[in-house]
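The values are calculated or read from the model by the stated rules, or taken from the named source; none is laboratory data. Fair warning: this is a prediction, and the values are worked out from it, not measured in the lab. In this analysis, Cβ positions are derived from the backbone assuming ideal geometry, glycine residues included, and neighbour counts consider all displayed protein chains. Heads up: the accessible areas ignore ligands, DNA and RNA and are worked out on the full protein's heavy atoms, side chains in. Shrake-Rupley method; radii C 1.70, N 1.55, O 1.52, S 1.80 Å.
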Amino acid sequence: MRRSRAWFAIAPACLLAIAAASGAQAQDYPSKPVTIICDAAPGSTPDVDTRFIAEGLGKIWGQQVVTVDHPGGGGSIGARAAADAVPDGYTLYMPVLATFIAQPGVAPNLPLQLPRDFLPIGFTAENPMFIAADPKLGVNTLPELIALAKQKPGAISYATTGVGRLTHLTGELLQMRAGINLLLVPYAGGPARAASDVANGRVSFIIEGYSGIAGAIKSGLLKPIAVASAERLPDFPDLPTVAETIPGFAATGWQVMVAPVGTPDAIVQKVSADLRKVVDDPEPKQKLGRLGSYTRHMTPAEALAFVQGEQNTWRPVLEKIAGKAKSN
């Protein structure tokens with residue numbers, strides 16, 4: 001009993017010491033380069049967005065901020081690398097939507113759950129999915145694509161960057177809402193080969209964030225026919241939304257920044273505050289907007305609520321995919 005009373009007596013002092021040490025760490029942070037892990041392939045929309053965020057934080061901190069891509073495994077490879085990092089704030093992680101809504105059992109240790117697996121820091125950027133077709137397919141609008149798919153059930157194919165990623169989920173949602181049957185053609189790695197195959201007529205259309213197919217669109221190799229944002233985008237005012245054809249349809253990729261469990265709260269709060277400066281800065285906002293990505297700030301608590309809401313939104317689509325897998 002005496003030992004227990006001694007512990008209770010010194011516990012407040014210990015907590016104060018820990019809090020003071022954490023505060024001192026935050027004041028000095030960062031004193032060396034910081035790594036941000038991205039679970040997508042080089043050249044993909046999440047990779048591009050991560051590099052913009054890294055550049056902005058590097059300017060604020062006066063330290064090098066390095067982006068390291070760990071694609072594959074449905075996001076599980078990047079998640080494992082981030083989870084195994086020392087929780088000192090020098091390794092951060094920017095997972096995409098798919099790592100939070102992956103089908104259980106499809107990829108190891110997914111889907112992620114906050115704050116069980118990582119500590120939320122804030123929201124970074126969202127990027128609506130673009131639907132772009134082979135110009136030789138003969139469709140100029142989404143209604144025309146849907147009509148063609150109904151004429152040829154299972155014959156119209158679409159390219160995605162992997163299985164279970166948002167590009168794939170968007171295709172499944174499109175089939176559910178439009179009442180059509182499409183052929184999935186998933187590609188490993190970034191969107192370059194997928195876009196090339198669509199442009200060469202091997203695949204009918206692609207679903208991807210704008211930055212991943214911007215070059216092919218600008219050169220006329222791909223024809224954008226719709227964007228899955230809630231409203232028309234200011235940088236693409238002439239491009240119709242999917243919702244104009246299918247009311248309420250929206251499919252937007254996003255990334256949040258998180259830290260390994262055990263990272264001092266003072267550092268989490270400092271990174272969150274500095275992240276806000278980056279996403280509110282007009283210059284990166286404009287640059288990312290031209291690439292089809294849009295930044296906005298969220299506190300750690302707001303980011304947590306946002307992620308949990310998205311998990312609920314996509315659950316029916318995941319259940320449909322699971323049902324398809326069982327029937328095949």
Over the range 274-310, the set of residues open to solvent by 20 Å² or more (accessible area, probe 1.4 Å), within 18 Å of the chain's Cα centre (by Cα) and among the polar types (S, T, N, Q) is 299, 308
Scanning the range 49-71 for residues that are more than 17 Å from the chain's Cα centre (by Cα) and not aliphatic (A, V, I, L, M), the one surrounded by the most Cβ atoms within 10 Å (Cβ to Cβ) turns out to be 56
When the range 136-163 is checked residue by residue, the ones that are part of a loop (DSSP other than H, G, I, E, B) and open to solvent by 20 Å² or more (accessible area, probe 1.4 Å) are 138, 140, 141, 152, 153, 154, 155, 161, 163
Picking from 98, 79, 85, the residue that is touching a strand residue (DSSP E or B) at 6+ places or on another chain (Cβ under 9 Å) and over 16 Å from residue 255 (Cβ atoms) would be 85
Out of (1) open to solvent by 40 Å² or more (accessible area, probe 1.4 Å); (2) in contact with a Lys or Arg (Cβ under 9 Å, 6 or more places away or on another chain); (3) over 17 Å from residue 257 (Cβ atoms), the one residue 74 does not meet is (1)
Listed by range, strands (runs of 3 or more DSSP E) wholly within the range 172-283 having at least 2 residues that are under 21 Å from residue 100 (Cα atoms) are 205-209, 252-260
Is it the case that some residue within the range 87-94 is within 29 Å of residue 197 (Cβ to Cβ), surrounded by fewer than 17 Cβ atoms within 10 Å (Cβ to Cβ) and either without any contact (Cβ under 8 Å) to a residue 60 or more places away in the chain or not aromatic (Phe, Trp, Tyr) (or both)?
no
For the range 183-199, the count of residues that are in contact (Cβ under 8 Å) with a residue 40 or more places away in the chain and open to solvent by 40 Å² or more (accessible area, probe 1.4 Å) equals 3
For the range 200-216 the number of residues that are surrounded by 17 or more Cβ atoms within 10 Å (Cβ to Cβ) and either of a type in the set (A, V, I, L, M, F, W, C) or modelled with pLDDT of 95 or more (or both) is 8
Requested in this report: Go through the residues of the range 166-182 one by one and say whether even a single one is surrounded by fewer than 15 Cβ atoms within 10 Å (Cβ to Cβ), within 24 Å of the chain's Cα centre (by Cα) and either closer than 20 Å to residue 253 by Cβ or modelled with pLDDT of 95 or more (or both).
Outcome: yes
